[in-house]
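Chemist: Below is one structure. I have some questions about it.
What follows is calculated from the coordinates using simple rules that are stated; it is not laboratory data. These figures come from a predicted structure and were not determined experimentally. Counting neighbours? That spans all protein chains shown, and the Cβs are built from the backbone with ideal geometry, glycine included.
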Amino acid sequence: MTPERRTKIVATLGPASESPEQLRALVAAGMDAARLNLSHGTHADHAERARRVREVEAEVGRPIALIGDLQGPKLRIGELAEPVILTHGEQQTNCAEDSATDGDLDIAFGLLLADAQWGSSGAIDYHQAARDVIADMRDEVRQVREYSAVWPDRPRVYFEEWMDPMISGIRWVSELIEIAGGRDIFAELRPEGSAQGRVVTSEQVLARDPQIILASWCGKPVDREAIVGRPGWDRLSAVKAGEIHEIAGEDVLSPGPSLMLGLRRIHELIQAFVSG
């Protein structure tokens, strides 16, 4: 007596397996259900595959289940008037469909991001908790700003987001440095959303002689020896004083609540420099 088989075999149909011959072979091999991947192909394609399955089902005399695998919500870029090239560190605005303007990316499925909504309606389903977090963050920013405001001299700070080419800090990083009590030596580049607009040269850094160097190389470990070994950099005040510090990328390179960790770290480093 042949034991009853409890396991069901599902086979996905596609261009290589949709012919009547292939369907018969799949059924002969034990296929119990044919899966239609509705993420790909047209309705007409899937209707034809379903019809062929029913034909083979009638031939073999046993039921073959049809499974329609529905795709979940996806973020897809809409139609672009021309190609858009995104460079490292560049800011890009993503908009819901039909609301994009020049320079924005049209997203075909609107998505509410909790981080983006904290300042208005709060994180999804946690409005009051989100408002409390925002209030705590604002209070901490105020305290740090007031504490550092009494320092008679603010140290010159160079933040390096990438090493080749050398890219200075994006807007919010520059603002963190100022709140923490430092002076961003490339503050005039702050409005540049594109990384290309914040490229600096070694000569420019040497001319501005930072007293503190902060670096976060987008996930790549910062090589302090490589920084020290750059031509002429041994003359920099920061290098002479050993003030080269790595900042965790997750704490400074993406806008959001995690920036508070970056602010605390930068403030600690500047405070130690000022106190020393």
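Chemist: Please list 3J(HN,Hα) in residue order for the stretch 246-255, calculated via the Karplus relation 6.51 cos²θ - 1.76 cosθ + 1.60 where θ = phi - 60°; whole Hz, with x for glycine and proline.
Modeler: So the J values, rounded to whole Hz, are 8, 10, 4, x, 5, 9, 9, 8, 10, x.
Chemist: Compute the length gained on full extension between residue 25 and residue 151: take 0.36 nm times their separation in residues and subtract their Cα-Cα distance, giving the result in nm to one decimal.
Modeler: Result for the pair: 37.3 nm of gain on full extension.
Chemist: Right, next: Assign unit charges at the C-beta atoms only (+1 for Lys and Arg, -1 for Asp and Glu), then state the dipole size of the stretch 120-199 relative to its Cα centre in Debye, rounded to the nearest 20.
Modeler: 220 debye
Chemist: For the stretch 151-275, rounded, prolate or oblate, judged on the Cα gyration tensor with a ≥ b ≥ c (square roots of eigenvalues), a/c < 1.5 rounded, else prolate if a/b > b/c?
Modeler: rounded
Chemist: Report, in debye and to the nearest 20, how large the dipole of the stretch 10-69 comes out about its Cα centre when Lys and Arg carry +1 and Asp and Glu carry -1 on their Cβ.
Modeler: 80 debye
Chemist: 5 Å is the cut-off here: which amide hydrogens, built 1.01 Å from N in the peptide plane, fall below it relative to residue 66, excluding neighbours closer than 5 in sequence?
Modeler: Those lying under 5 Å, H to H, from residue 66 are 34.
Chemist: So, one more: Rounded, prolate or oblate: which fits the stretch 119-213 when a ≥ b ≥ c are the square roots of the eigenvalues of the alpha-carbon gyration tensor, with rounded for a/c under 1.5 and prolate only if a/b beats b/c?
Modeler: Verdict is oblate for the stretch 119-213.
Chemist: Would you please state which residues of the stretch 20-63 a label at residue 12 would reach in this model, taking the label point 7 Å out along Cα→Cβ and a backbone N cut-off of under 14 Å?
Modeler: Residues passing the 14 Å test: 34-41.
Chemist: Would you please give the residues with an amide H less than 5 Å from that of residue 162, counting only those at least 5 places away or on a separate chain, with H modeled from the backbone geometry?
Modeler: Counting only residues 5 or more places away or on other chains, the set is 167.
Chemist: Once each part is reduced to its C-alpha centroid, what is the distance from the stretch 124-192 to the stretch 1-38 in angstrom?
Modeler: 59 Å
Chemist: Among 273, 186, 159, which comes first, second and so on when ranked by fewest other beta-carbon atoms within 10 Å?
Modeler: 273, 186, 159
Chemist: Let me ask you something else. Tell me, what ³J(HN,Hα) does each residue in the stretch 264-276 have, in order and in whole Hz, if you take phi through Karplus 6.51 cos²θ - 1.76 cosθ + 1.60 with θ = phi - 60° and put x for Gly and Pro?
Modeler: 4, 5, 5, 5, 4, 5, 5, 4, 4, 5, 5, 6, x
Chemist: Would you mind working out the magnitude of the charge dipole of the stretch 140-276 relative to its Cα centre, with +1 at each Lys and Arg C-beta and -1 at each Asp and Glu C-beta, to the nearest 20 Debye?
Modeler: Charge dipole, the stretch 140-276, about its Cα centre: 200 debye, nearest 20.
Chemist: From the backbone phi of the stretch 203-214, what are the Karplus-calculated ³J(HN,Hα) couplings (6.51 cos²θ - 1.76 cosθ + 1.60, θ = phi - 60°) in whole Hz, Gly and Pro given as x?
Modeler: Per residue, the Karplus-derived 3J(HN,Hα) values read 5, 5, 5, 4, 5, 9, 6, x, 8, 9, 10, 10 Hz.
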